[in-house]
Amino acid sequence: MIELVDIAYVRSGAADLAGAVRFATEVVGLEHVDGGEPGVAHLRADGRHHCLAFVEGVSGVIASAFTVADPGALALAETELETRGFAVRRGDAAEARSRRVSEFVAFDDPFGNRIELVVGQQTLARPVRFARGSGITEFGHLCLDAPDITEAHRFWSTTFNARASDWIGDAACLMRIDEVHHKLAVFQGDRPGLCHVNFQVAELDDVFRNWHHLQDHDVVIEMGPGRHPQSGAVFLYFLGPEGLTYEYSYGVRRITDEAAWRPRFFDPAERGSIDMWLGPTQKPITQPQLIPEGIRP
Ligand SMILES: O=C(O)c1cccc(O)c1O
Ligand SMILES: [Fe+2]
């Protein structure tokens, strides 16, 4: 079993790099860390050098990355994945540099999501220079799409140390790799993809201030503000450029008594199973990664 220590970053293609960066900074509030690398923009939310990288090119997720403990663990992970039949590729020095990691390997999960395992992700010591006061405290979780979430859970909980914290029927499995209720979620979707990226905010008020900020900037609010019954977090989903869905949330549950926690099963057809405040959920929470330009709301 491979032990995931943390989430590291999401790397995504951006057809309009400047537009994606403008939104990630001025709207979301992230810091643009100027890495001096043409065609690549790094966005920072916490101690990590970046948790989101946009690469100029075809829009859509390139990879979702997790940290493992050290180079020895990475080498063992590589062998274990190969034993399990996955084609694993070592990143070269230039690729590692662009990701601000010392080493990484890449493989596709059984559903076609590109996953990277990294070591030595760079930490920046100086405080984050948030582009605006959105209250972001950290990169909270990433959510992948897969056609069968039971299979996805099997994969993540047997190959890796992910544990189911809660299920939303056959629509979603929320998984933890540490005390945080979930840092990885898998939502049912026809195709692989990145369902959303989540940023935690410091206060309840931040969620509502951000809601107004988004509305002032004509951003498409996909759902919320509401409260998830699973993590207990107050949330807000909104749509950014390149089809990327962002989520702010406040107050995610921590599971401190690992032995005592039993995953719960919520019925997705039941009102309130995603939003305890029973807000409108007219937009499905699983978003295709790419929404064709013409039908973008
Ligand atoms: O935080 C949660 O519990 C949650 C539940 C459903 C869907 C999500 O994206 C979540 O983050
Ligand atoms: Fe989420």
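Between ARG154 and ALA260, residue separation times 0.36 nm minus the direct Cα-Cα distance comes to 36.1 nm. For the range 112-234, taking the reciprocal of the average inverse distance between every pair of different Cα atoms yields a Kirkwood hydrodynamic radius of 16.2 Å. Computed from the Kirkwood radius of its Cα pairs, the Stokes-Einstein diffusion coefficient for the chain at 25 °C and 0.890 mPa s stands at 128 µm²/s. By the Cβ distance rule (another cysteine Cβ under 4.7 Å), the unpaired cysteines of the chain are CYS51, CYS173. Counted residue by residue at 0.36 nm each, then reduced by the alpha carbon distance between them, the extension gain from MET1 to LEU76 reaches 26.1 nm. Determine which residues of the range 113-145 fall in the zone a paramagnetic label at HIS212 would reach in this model, i.e. backbone nitrogen under 19 Å from the point 7 Å along Cα→Cβ. Residues 132-136 qualify, since their backbone N sits under 19 Å from the label point.
In deg cm²/dmol, rounded to 500, what helix-only [θ] at 222 nm does the chain give when every DSSP H run of at least 4 residues adds -39500 (n - 2.57) and the total is split over its residues?
That calculation yields -5000 deg cm²/dmol at 222 nm.
Report note on the peptides 154-167, 130-143, 33-46: ranked by the mean count of other C-beta atoms within 10 Å, highest first, their order is 130-143, 154-167, 33-46. Got a sec? Which residues in the range 40-81 would a label at ALA202 touch, if it sits 7 Å along Cα→Cβ and we count backbone N under 18 Å? Those under the cut-off are 44-48. What is the Cα centroid distance between the range 142-208 and the range 8-33, reported in whole angstrom? If we compute the Cα centre of each part, the gap is 22 Å.
By definition, a body whose alpha carbon gyration tensor gives a ≥ b ≥ c is prolate when a/c is 1.5 or more and a/b is larger than b/c, and the range 1-78 fits this prolate description. Note on ILE221 and GLU26: with the Förster distance fixed at 22 Å, the Cβ-Cβ geometry gives a FRET efficiency of about 0.85. Distance between the 7 Å Cα→Cβ label points at THR137 and VAL58: 3.9 nm.
Only the coordinates and a few stated rules stand behind these numbers; no lab work does. If you're wondering where the values come from, they're calculated on a predicted model, not measured in any experiment. Reconstructed Cβ throughout: ideal geometry from the backbone, glycine too, with neighbour counts over all protein chains shown.
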